[in-house]
Amino acid sequence: MTKIRAVQVAQKGGPLELVERETPVPKPGEVRIKVQACGVCHSDSVAVNGLFPSVKFPIVPGHEIAGVIDAVGADVIGWDVGTRVGVGWFGGHCGRCEPCRRGDLVDCRNLRIPGVTYDGGYAEAMVAPADALALIPDDLSVAEAAPLLCAGVTTYNALRESGARPGDLVAILGIGGLGHLGVQFAAKMGFRTVAIARGRDKEPLARQLGAHVYLDSQKQDVAAELTKLGGAKTILATVTSGKAMSAVIPGLSVRGRLVVVGVGFDPIEVSPLDLIAGSLSVTGHASGASIDSQDTLAFSALTGVRPTIETMPLERASEAYDKMMRNEARFRMVLTTGQ
C-alpha cells in the first residue's frame, strides 16, 4: 500500500475533499491502523472549522476510528499486526503535565486528538500513538464499534462514575446520538431509567432501548415528575440547551448530580439555595482515556448495547458530514472503507 485515499480539509472552513496521499509510516511508539470504519461526529467541526488553535491544515478529520493494526513502530510493546483496535477522542497523552502525573489522562494539558491535532480516520489508513488504542471485541462489528469510541465512552463512563448504584433512579435528558446510548447503558447497569425528550414521538424507541419511564418535556413538568418518582440520583444531560438542563435540576434527589456531557454555550442557571438545600451538584464529564473506551466496547459486546447507525462509503464523507450537522442522522453516521 503506497498510496491511500483520504478525505481532507485543506483550509479553515473549506470543503471535505477526497484525495490521494502517501501511506503514513508509524514513528517510534506509534502504530498504523488500516481504517475499516470511522464515525462522523459533531465534534469533527472542530477540525473542519479550525476551532482549536492546534488544528493545522490540511487535516483529515475523524476521531471514531475502528480497524486493524497493519504496521507497528519501534518501541511499541503489547500491540501486534492484525489486532482489531479503535481510537477515540483521546488520542494520546504527554505523561508530563500535572493531570497526567495524577492519572487523569483524558485531562492531559497536551491532549492529542485524532482528526484535530493529527490526521484522523476519514482515510484508508492513519497512525496513532500506542497509548491511544482500545481493543475491539470479536463480536462487535467495526461499524458498531466506531461511535462507541466517542458517544459511547462519553455516556458509559459518565454513568459509571456518577455515583449512582443499581436500583437508583437515573434520567437521560435528550434521546439523540448520545442519549440513545445513555438509555441503553443506564438500563443495562441496573438503574431505574427515565428517558426525557420533547414530544411523544421518541417514547416507543426510548422504551425499546430500555427506559422504564418516559417524560415529555413539552407537556410535563419534568422536575416535578422526577420528584414524584423519588428524585433522580443522576441526570445525564446529553442535550446542548443550558435552559433545558436548568429546568431539571430541581428533580434531583438529595445529593443528586446533574452530569453534563452535551456541549452547549448558553449558561446553566441554578439558585444557590437549590444546591445547598439538597446538597446537589452540577458537574461536567470528559469522555475517557483509551482504557475507558476499551471498557465501553467490552461492556457493549457483553450486554448488547449498540448504536443506531447509518453507513456511507468514504467517498461520500461530505454528504455524511452535512447530514450529521443538519441533525438528520438517526443517530450516528459511519464511514466505511470496504477494507
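Pairs linking a residue in the range 72-90 that is on the phi > 0 side of the Ramachandran plot to a residue that is open to solvent by 60 Å² or more (accessible area, probe 1.4 Å), with Cβ atoms under 9 Å and 6 or more positions apart or on different chains, are 75/28. The set of residues in the range 279-294 being in contact (Cβ under 8 Å) with a residue 40 or more places away in the chain and part of a loop (DSSP other than H, G, I, E, B) consists of 285, 286, 287, 288, 289.
Checking each residue in the range 188-214 for being open to solvent by 50 Å² or more (accessible area, probe 1.4 Å), in contact with a strand residue (DSSP E or B) (Cβ under 6 Å, 6 or more places away or on another chain) and of a type in the set (D, E, K, R) picks out 192, 200. Taking first residues from the range 116-145 that are touching a residue at least 60 places away in the same chain (Cβ under 8 Å) and partners that are acidic (Asp, Glu) and buried (at least 21 other Cβ atoms within 10 Å of the Cβ), the Cβ contacts under 7 Å between residues at least 6 apart in sequence or on separate chains come to 121/64; 126/119; 127/30; 128/30; 129/30; 130/30.
Which of the residues spanning the range 91-113 are touching a residue at least 24 places away in the same chain (Cβ under 8 Å) and part of a loop (DSSP other than H, G, I, E, B)?
Start the filter on the range 91-113 by keeping residues that are touching a residue at least 24 places away in the same chain (Cβ under 8 Å), which leaves 91-93, 105-107, 113.
Across the range 91-113, the qualifying residues are 91, 92, 93, 113.
Residue 291 falls short on exactly one of the conditions (1) within 18 Å of the chain's Cα centre (by Cα); (2) closer than 21 Å to residue 210 by Cβ; (3) open to solvent by 50 Å² or more (accessible area, probe 1.4 Å); (4) among the aliphatic types (A, V, I, L, M), and that condition is (2).
Regarding the range 144-154, can at least one residue be identified that is surrounded by fewer than 24 Cβ atoms within 10 Å (Cβ to Cβ) and either over 15 Å from the mean Cα position of the chain (by Cα) or not charged (D, E, K, R) (or both)? No: the range 144-154 contains no residue that is surrounded by fewer than 24 Cβ atoms within 10 Å (Cβ to Cβ) and either over 15 Å from the mean Cα position of the chain (by Cα) or not charged (D, E, K, R) (or both). Taking the range 180-190 as the range and being more than 17 Å from residue 293 (Cα to Cα) and small (Gly, Ala, Ser) as the test, the residues that pass are 187, 190. Taking the criterion of being at pLDDT 95 or above and on the phi > 0 side of the Ramachandran plot, the residues of the range 12-64 that qualify are 29, 62. Checking each residue in the range 250-288 for being small (Gly, Ala, Ser) and either open to solvent by less than 20 Å² (accessible area, probe 1.4 Å) or touching a strand residue (DSSP E or B) at 6+ places or on another chain (Cβ under 8 Å) (or both) picks out 251, 253, 256, 262, 278, 279, 281, 284, 287, 288. Each residue in the range 80-102 was checked for being farther than 16 Å from residue 137 by Cβ, surrounded by fewer than 17 Cβ atoms within 10 Å (Cβ to Cβ) and touching a strand residue (DSSP E or B) at 6+ places or on another chain (Cβ under 9 Å), and 2 of them qualify. Scanning the range 26-69 for residues that are surrounded by fewer than 22 Cβ atoms within 10 Å (Cβ to Cβ) and over 16 Å from residue 119 (Cβ atoms) yields 28, 29, 42, 45, 49, 51, 53, 68, 69. Might you check whether a residue that is over 25 Å from residue 122 (Cα atoms) and over 18 Å from the mean Cα position of the chain (by Cα) occurs anywhere in the range 299-322? Yes, because at least one residue in the range 299-322 is over 25 Å from residue 122 (Cα atoms) and over 18 Å from the mean Cα position of the chain (by Cα). Considering only residues in the range 215-238 that are closer than 19 Å to residue 201 by Cα and not in a helix (DSSP H, G or I), the one that is most open to solvent (accessible area, probe 1.4 Å) turns out to be 219.
The values are calculated or read from the model by the stated rules, or taken from the named source; none is laboratory data. Note that the coordinates shown come from a computational prediction; the quantities given were computed from them, not determined experimentally. Note: ideal-geometry Cβ built from the backbone for every residue, glycine included; neighbour counts use all protein chains shown. For the accessible areas, the whole protein counts, side chains as well, though only heavy atoms, and no ligand, DNA or RNA atoms are used. Shrake-Rupley method; radii C 1.70, N 1.55, O 1.52, S 1.80 Å.
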